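Notes follow the structure.
The values are calculated or read from the model by the stated rules, or taken from the named source; none is laboratory data. Owing to the predicted nature of the structure, the values given are computational and were not obtained by experimental measurement. Positions of Cβ are backbone-derived with ideal geometry, glycine not excepted, and every protein chain shown enters the neighbour counts.
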Amino acid sequence: MIRFFEDFSLKNYNTFGIDAKARFFFEFTELDDLTEFLQQNTSWREEQFLLLGGGSNLLLVHDFDGLVIHPNVPGVQVVRETRNQVWLEVGAGEDWDRFVDYCVKSEFYGLENLSLIPGTVGAAPVQNIGAYGVEVKDYIDTVNGFDLETMTSYSIPAEECRFAYRNSIFKNELKNRFIVTSVVFRLEKFPEFKLDYGSLKAEVEKRGELNPLHVREAVVAIRQSKLPDPMELGNAGSFFKNPVVDAQLAEKLKADYPEMPAYPAEDGKVKLAAGWLIEQCGWKGFREGDAGVHEHQALVLVNYGSATGEELFQLAERIKSSVADRFGVELEPEANIL
């Protein structure tokens, strides 16, 4: 199935609820639909284009004068199975949290810590989504898709996806070039729990028996207590990445701010909590018009109703400047700013 529109509102395709428009909008549910569309409409190469999943990690600052391609491929199927593991191929258009719920109920484990993350399955490898000590890269086997430059479909093994903290090859060399159509996950039949992040272990213990369902329930409860529901209050989750800094700077900041959260990172560096830095600068609960910072989580920018993308962008820039001035730390957006 395909859908094609001109002058199309993207308000329902981004969780900030920004009413930006796309000059052209194309949605497909099967790979054949995509290839047929591209072959019959060769002028697409002259357009700017944007690959758009659930829009849960996107800030639209202005209208988009180009072609939006929206993969909405459905389906979940077992493609391989052993005594200990199972491989699932999942369409890019599947809702991420519904897929996690399906896995837990089917007793396929590994993704339960990633419960309630908004967005689609196709966006998960692009962003290398992560939460509560787990990153999706640890459970991806291959990413399948279509290359707009070579006009061919192929699979990319996980080890070639260049996964890093909230990063991948799909945000760099293959950005707006490789359209993810499905992802193959390698999941466990016997759970190995990861509960050493924040208050997760205590929240699970409240539920009694240690099992994946209780881990999922605990993650959902924690996220709902801290993060606003995009269906009720426009937001894109964590707007900034947690910055990774040199150990020397972290030591200096720790001396000045002993209560500052800090965690070991790769290559001897230190990861700081962006939300804490932003809160110390007085932004938590800030509101100007309909653009603001969530009252319970300083890492989340929110649209209280009719904020424009430009207003939210300017707010983000002010937050970045204040954190840099006070702490000497550069915040990098986790959200994609268009």
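The residue that is surrounded by the most Cβ atoms within 10 Å (Cβ to Cβ), among those in the stretch 83-97 that are charged (D, E, K, R) and under 15 Å from the mean Cα position of the chain (by Cα), is GLU94. Given the criteria surrounded by fewer than 14 Cβ atoms within 10 Å (Cβ to Cβ) and either part of a helix (DSSP H, G or I) or aliphatic (A, V, I, L, M) (or both), does LEU210 qualify? Here the answer is yes, as LEU210 does meet what is asked. With respect to (1) modelled with pLDDT under 95; (2) of a type outside the set (A, V, I, L, M, F, W, C); (3) in contact with a Pro (Cβ under 7 Å, 6 or more places away or on another chain), the lone exception for TYR109 is condition (1). Looking only at residues in the stretch 299-338 that are in a helix (DSSP H, G or I) and among the aromatic types (Phe, Trp, Tyr), the one that is farthest from ASN242 (Cα to Cα) is PHE313. The numbered conditions (1) part of a strand (DSSP E or B); (2) touching a Ser or Thr at 6+ places or on another chain (Cβ under 8 Å); (3) within 29 Å of LEU195 (Cα to Cα) are all true for ARG162 except (1). One residue alone among VAL126, VAL143 is on the phi < 0 side of the Ramachandran plot, in a helix (DSSP H, G or I) and touching a strand residue (DSSP E or B) at 6+ places or on another chain (Cβ under 9 Å), and that residue is VAL126. Being surrounded by 14 or more Cβ atoms within 10 Å (Cβ to Cβ) and either within 23 Å of GLU310 (Cα to Cα) or without any contact (Cβ under 8 Å) to a residue 12 or more places away in the chain (or both) is a property that holds for LEU50.
For the stretch 77-104, taking the residues that are free of Cβ contacts under 8 Å to residues at least 40 places away in the same chain and not polar (S, T, N, Q), the one that is farthest from PHE170 (Cα to Cα) is identified as GLU81. When restricted to residues that are buried (at least 20 other Cβ atoms within 10 Å of the Cβ) and either free of Cβ contacts under 8 Å to residues at least 12 places away in the same chain or more than 16 Å from the chain's Cα centre (by Cα) (or both), the stretch 130-142 contains 1.
Scanning the stretch 258-298 for residues that are in a loop (DSSP other than H, G, I, E, B) and of a type in the set (Lys, Arg), which turns out farthest from PHE239 (Cα to Cα)? Among them, the one singled out is LYS269.
Only strands (runs of 3 or more DSSP E) wholly contained in the stretch 1-63 count here; list those with 3 or more residues that are under 27 Å from PRO333 (Cα atoms) and among the hydrophobic types (A, V, I, L, M, F, W, C). Outline the logic, then answer.
On the way: elements: 2-9, 21-28, 48-51.
Per the criteria, 21-28, 48-51.
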